[in-house]
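Scroll down for the structure; my scribbles are underneath it.
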Amino acid sequence: MKFSIITVCYNAAGTIETTLQSVAGQTYKDIEYIIIDGASKDDTLDIVRRYNGIVTKVVSEPDKGIYDAMNKGIALATGHYLCFLNAGDRFHSPHTLAAMAESVPDGNGYPDVMYGETNLMDAEGNDLGPRRFRAPEQLTWKSFKNGMMVCHQAFFASAVMAKSHLYDLQYRYSADQDWCIRIMKDSHWLHNTHTIIIDYLNEGTTTRNRMASLKERFNIMARHYGLAGTVARHIWFVLRLPFV
């Protein structure tokens, strides 16, 4: 089982080394590591070059946004599974990928999707504990009705699924949610690794553009789950806020 790890970045000199070190430290070695850089103006590429032993492919050129860059990564990937690890994020432990591979039962082929848990961390790398949403025991495409129950970085799509479901570039901030839902709709086996996969840096493009992201997420949910049900769920979320 081969993992393709893809990091999309732009001017990430302050955060990318954490991610590079995390990939370099994995005990599981059947991996390729792809960097898709948006023609950074800072020292990002100089830092990446220090890790030539682990970085398999580097593309540095202007793009149409983060999801266009992710589509470039999908096109280059040759592994069985794809993982998008943002600059600043890290695998939870050096044994994360090994634990994921070992969690798949022998003799049954490969799942369409592998998924697990996410912890949050601050800019200093301190563990902030589990993400508010916990991964369902059995994930389905309907699980995302109540939010993105599995973090994008902890959602490993098979290459077959990823290459047939590229990110929809009409969405600037939340195409990852739409991508996951579309893949799950076409999947027959979604495998819970029961592993904390990612330590997620608790800041990013979506956080910095929260209102635009929320509008996109509403439209995505209405597209997949119906407008009436999506409106009703959002009204329920608002009504219960004072009590949670």
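What follows draws every value from the coordinates through simple rules; no lab data is involved. None of the values given here were measured: they were computed from a predicted structure.
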- [ ] For the chain, restrict the atom set to alpha-carbon positions and state the Rg and Dmax in Å.
- [x] 17.5, 53
Task: Relative contact order computed over the chain (Cα-Cα under 8 Å; 6+ residues apart), in percent - done: 22 percent
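Please report, ordered by residue number, every helix of the chain (full DSSP H runs) that is 18 Å or longer along its axis going by C-alpha atoms and whose mean Kyte-Doolittle hydropathy reaches -0.5. Spell out each step's value before the answer.
Details: long enough: 210-225 (22 Å, -0.70); 227-240 (20 Å, 0.91).
For the chain, where a helix must reach 18 Å along its axis and average at least -0.5, the hits are 227-240.
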Open item on the list: When a/c reaches 1.5 or more, the comparison of a/b and b/c decides; with that in mind, is region 1-70 rounded, prolate or oblate per its Cα gyration tensor?
Closed with: oblate
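What number, rounded to the nearest 500 deg cm²/dmol, is the helix-based mean residue ellipticity at 222 nm of the chain, given -39500 (n - 2.57) per DSSP H run of at least four residues and division by all its residues?
It lands at -10000 deg cm²/dmol.
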Task: Listed residue pairs exceeding 30 Å between alpha carbons, taken from Lys57/Lys215; Lys29/Lys215; Lys29/Lys145; Lys64/Lys215; Lys64/Lys185; Lys57/Lys145 - done: Lys57/Lys215; Lys29/Lys215; Lys29/Lys145; Lys57/Lys145
Task: Shape of region 59-179, Cα gyration tensor, a/c cut at 1.5 - done: rounded
Task: Built amide H within the under 5 Å cut-off of Arg90, gap 5+ - done: Asp199, Leu201
Task: Amide H partners (placed H, <5 Å) of Ile6, local residues excluded - done: Ile34, Cys83, Phe84, Leu85
